[in-house]
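Report on the structure given below.
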Amino acid sequence: MCARVAMAVRAPHHAAAARSLVARRGVGRRALVFTSAVSVSSDGDGKMMNDVAVLGGGAAGLTAAYFAAKAGARVTVYERTSECGKKILMSGGARCNVLPVSATTADFVTESKPRGLKSVLASWSVDRCKTWIEDDLRLALGVEHETNKYFPLSNSSREVRDKLLEACQREGVKFRYESSIDGIVQARDGERGWNLRLRGAAEEHASAIVLAMGGMSFPAVGTDGTGYAIAKRDLGHVLSEPYPALVPLTGAHPGGEPMPGVSAQVELKVADGSSKKKKAQANRKGFLFTHRGYSGPSILDLSHHLVRPLVRANDNKGGSDADQDFETATADSPTMVINWSGIKREEWQERLTVPPGKALVVSRLREALPTRLADALVAEAGVDSRCKIAELKKDERQRLLVILTEYQIPVKGHQGYRKAEVTGGGVSLDELDTAKMESLKAPGIFMCGEVCDVFGRIGGFNFLWAWTSGRLAGVSAAESVLGENNK
């Protein structure tokens, strides 16, 4: 026999167990903590057992746990820290942008074959996911029309995390906090399933496992790449080498003087080396100067084009604890090219020539740009701040036009995993049955969330991936166990 959590009446094939689930709210802003008092038994070796073990208590893992339990499986979430969903609490400036209004495969980045991503996204629409959040999680949502994002009406990421935990509690999910899984091995002696190697504790058993241990971004919340190590070492998967994604970049500001806090609405693209051929363009326009360089949605969405080749060429350039610099640029190095206002070159040409000629050049720039940025761009062009339109020389005007509309950002490096919102790379979707999110190399292992080679752009797309892949992995894991039990 094994340790069981009592199941809902829709799963009568499971024996009932005494259950006392307590939701304890700490003082102030401390976490919700769920504890379970259950009848405990074990196999002949004293080994604790589960139907489905979910490794990782983030958004994807909790979603997988909820759906696996709702399908009738006995589920335990193993979380290495003292509380689940720490990264949820940090999302959207603590507002938590839980979903975009709509999504396509073009909103995501993967090095896997496109059909895998398309298959997963097709399994659950944005509208159906929104209905689940509102009806099953009991979380009221509102839409921000300007950005096409859904937020909780409370504007509280803590409410999102807590509602997700409460929904898992209602379905009987068991939680194991401060439980680090260092490895998994296939069960021995003809036993079905997998054994979990817990740090400082005896092995435990699960008939199926959902690997949802996240990536390496924000290591302070417990994400250290263990999921990747397990996938590669224990399961035989080949990884697309992980790298920091949606990460701020470092570099000097135009004009030579720092401008932290200055923001602008820009057009940003990445160009390929010597050809300067357009490679990608940011969907979002927000740009922010930081103390170390640049951030904002436009920078974050395109940062992987520069960071990925750096990390792949230099094993030590992931940057968990420090900024990482790029190597000296070559003719083939990608570059970031920016139009600071979105105004076309032809219009700027007119603005910098039209009367009255006594108007200051810098004043014309200030009409379309933040004052400090306008002043900096004039200085970058080598134009005197007192220069009037009528006094502007042809070569000065040409330099200004290039700087205003085709400025090459002097990117020095990136701020690493400690500032990256997600991790790029991971387990290739090509090595998963994406109809179930099941490993093709290790049947009975299901994967979801950031451990997979998928991430989305800024705007709720990474939550959509977590909800969608987590649901698919959880339902499939439960079906694999319950189907085998009913044979």
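The values are calculated or read from the model by the stated rules, or taken from the named source; none is laboratory data. Keep in mind that this is a model prediction, so the values were computed, not measured. Neighbour counts run over all protein chains shown; Cβ positions are idealised from the backbone, glycine included. These accessible areas exclude ligands, DNA and RNA; they are computed on the full protein's heavy atoms, side chains included. Shrake-Rupley method; radii C 1.70, N 1.55, O 1.52, S 1.80 Å.
As a test, work out the antiparallel percent of DSSP beta bridges whose residues both lie in the chain, rounded to the nearest 5.
75
Based on Cβ point charges of +1 for Lys and Arg and -1 for Asp and Glu, what charge dipole magnitude is obtained for the chain about its Cα centre, in debye rounded to the nearest 20? Could the numbers behind the result be given before it?
Values: 65 positive and 56 negative charges, 184 e Å.
The calculation lands at about 880 debye.
Among the GluC sites (Glu not before Pro) within region 104-159, which fall in a DSSP loop and have no more than 11 other Cβ atoms within 10 Å of their own Cβ?
Hits after loop and neighbour filter: Glu146.
In Å², and per residue, what accessible area does the chain have when probed at 1.4 Å with the other protein chains present?
42
Show me the trypsin sites (Lys or Arg not before Pro) within region 164-258 that DSSP assigns to loop and that have at most 11 other Cβ atoms within 10 Å of their Cβ. List each step's numbers first, then the result.
Working: sites: Arg170, Lys174, Arg176, Arg188, Arg192, Arg197, Arg199, Lys232, Arg233; in loops: Arg188, Arg192, Arg199.
Here the sparse-neighbourhood loop sites are Arg188, Arg199.
Run down the aspartates and glutamates and flag those whose C-alpha is under 15 Å from the C-alpha of Lys163, throwing out any fewer than 8 positions away in its chain.
Excluding near neighbours in sequence, the set is Glu83, Glu134, Asp135, Asp136, Glu171.
Please report the orientation-averaged projected area of region 130-232, defined via the convex hull of its C-alpha atoms, in nm².
Computed as one quarter of the Cα hull surface, the answer is 9.3 nm².
Take the alpha carbon gyration tensor of region 334-487, find the square roots of its eigenvalues, order them as a ≥ b ≥ c, and report rounded if a/c is under 1.5; if not, report prolate when a/b exceeds b/c, else oblate.
Cα axes put region 334-487 in the prolate bin.
Which of Gln169, Gly255, Ala71 sits farthest toward the positive end of the charge dipole of the chain, with +1 on the Cβ of Lys and Arg and -1 on the Cβ of Asp and Glu?
Gly255
May I have the convex hull volume per residue, in Å³, for the Cα set of region 184-247?
Dividing the Cα hull volume of region 184-247 by its residues yields 101 Å³.
Using the charge dipole of the chain (Lys, Arg: +1 at Cβ; Asp, Glu: -1 at Cβ; taken about the Cα centre), state which of Thr104, Leu117, Thr223 has its Cα farthest towards the positive end.
The one lying farthest along the dipole's positive direction is Thr104.
Assuming a viscosity of 0.890 mPa s and a temperature of 25 °C, what translational diffusion coefficient in µm² per second does Stokes-Einstein assign to the chain, Rh being the Kirkwood radius over Cα pairs?
Result for D is 101 µm²/s.
Could you check how much of the accessible area of region 331-482 is carbon and sulfur, as a whole percent, using a 1.4 Å probe? It would help to have the intermediate numbers written out before the result.
Working: 2790 of 5740 Å².
Carbon with sulfur: 49 percent of the solvent-accessible area.
For each pair in Lys149/Lys232; Lys174/Lys285; Lys285/Lys441; Lys279/Lys419, compute the distance between the two Cα atoms and list the pairs where it is over 32 Å.
Values: Lys149/Lys232 35 Å; Lys174/Lys285 43 Å; Lys285/Lys441 42 Å; Lys279/Lys419 25 Å.
In this structure, Lys149/Lys232; Lys174/Lys285; Lys285/Lys441 exceed 32 Å between Cα atoms.
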